[in-house]
1. Exposed (fewer than 15 other Cβ atoms within 10 Å of the Cβ) and not assigned by TED's automatic domain parsing to the domain that holds residue 275 - does that describe any residue in segment 222-231?
2. Could you say which residue among 287, 250 is on the phi < 0 side of the Ramachandran plot and at pLDDT below 95?
3. Quick test for you: out of 191, 172, pick the one residue that is within 26 Å of residue 267 (Cα to Cα), touching a helix residue (DSSP H, G or I) at 6+ places or on another chain (Cβ under 6 Å) and buried (at least 19 other Cβ atoms within 10 Å of the Cβ).
4. Of (1) closer than 24 Å to residue 156 by Cα; (2) buried (at least 19 other Cβ atoms within 10 Å of the Cβ), residue 198 satisfies all except one. Which?
5. Taking the stated definitions as given, is residue 59 under 60 Å from the mean Cα position of the chain (by Cα), at pLDDT 65 or above and not in a loop (DSSP other than H, G, I, E, B)?
6. Name the single residue that is farthest from residue 197 (Cα to Cα) among those in segment 226-241 being touching a residue at least 24 places away in the same chain (Cβ under 8 Å) and in a helix (DSSP H, G or I).
7. Would you mind telling me which numbered condition in (1) at pLDDT below 95; (2) surrounded by 14 or more Cβ atoms within 10 Å (Cβ to Cβ) residue 204 fails?
């Protein structure tokens, strides 16, 4: 309204620079001093440049944000494709009712691939769903569970000592008491289950080198002596058994060691004179060790033609409650001549008289 009134009156509004006061004078001086530097076109161009710079800065920030979002989305999609790759595993499939199987199969088939324009008798082929992003990786086998003592004993229970030995040898590559026990069990199964004394001796040698102060050193030495006997290394078995008998820890194994030494002298060496002292210490011992020792002692006395002692030994053996070779002992006892008892011919002659 003021502009309209001004235009109607034809007079310009009063300007501050036209005043005669101090402010007007300063404005006029300033206008004269900076007139050459003031330009409406230059000011407008500067304004336009500044506005364009602000828009370009905003566009740059927006573009950088979009690029970062795209990179994050791509990384997440790639990670999902690598972790959720299809793996062929055995599943427990719940059997659906027979009435639902054909209908469900038909629905699934229509979902997987639409019917094609083929003959009515031909069944439409199933098409694989399209894959997006990185290609699917090949199925990866699940990680194997760590082997434990229970795993190895499971192979023993399934009558697979060879697999059990491999299992124990794998555990023995570790350290600690578990490795000591595993290496000993591998040697024991090699000797007893597979009758491979050579392999057992190799494992026991490794056990002695790795665990010289093992808590199983007595068991290891006893298994080594038995493996030496089975491998036919009788001199080594006798020397090792003698050294173990002289040690404090070997006293608990004395019955077994004497029986093994007597078996070597009597059987392989045919030396009953050296076998008898080994059996003496087992007289009266219960169980299989005492039974074998007393019966073999009577046989050795018979072979040495110490018939009176042999007869007494057989009679002593037959007095055992658990005599496992009682029939053989009676047969041998009846075969030994007894001076105090007449022979069958003498007995018949006495009856005729």
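The values are calculated or read from the model by the stated rules, or taken from the named source; none is laboratory data. It should be emphasised that the depicted structure is a prediction, and the values quoted were computed from it without experimental measurement. All Cβ positions, glycine included, derive from the backbone under ideal geometry; neighbour counts span all protein chains shown.
1. no
2. 250
3. Step by step, each of 191, 172 is checked, and only 191 is within 26 Å of residue 267 (Cα to Cα), touching a helix residue (DSSP H, G or I) at 6+ places or on another chain (Cβ under 6 Å) and buried (at least 19 other Cβ atoms within 10 Å of the Cβ).
4. So the condition that residue 198 fails would be (2).
5. yes
6. Checked segment 226-241; the qualifying residue farthest from residue 197 (Cα to Cα) is 238.
7. The failed condition is (1).
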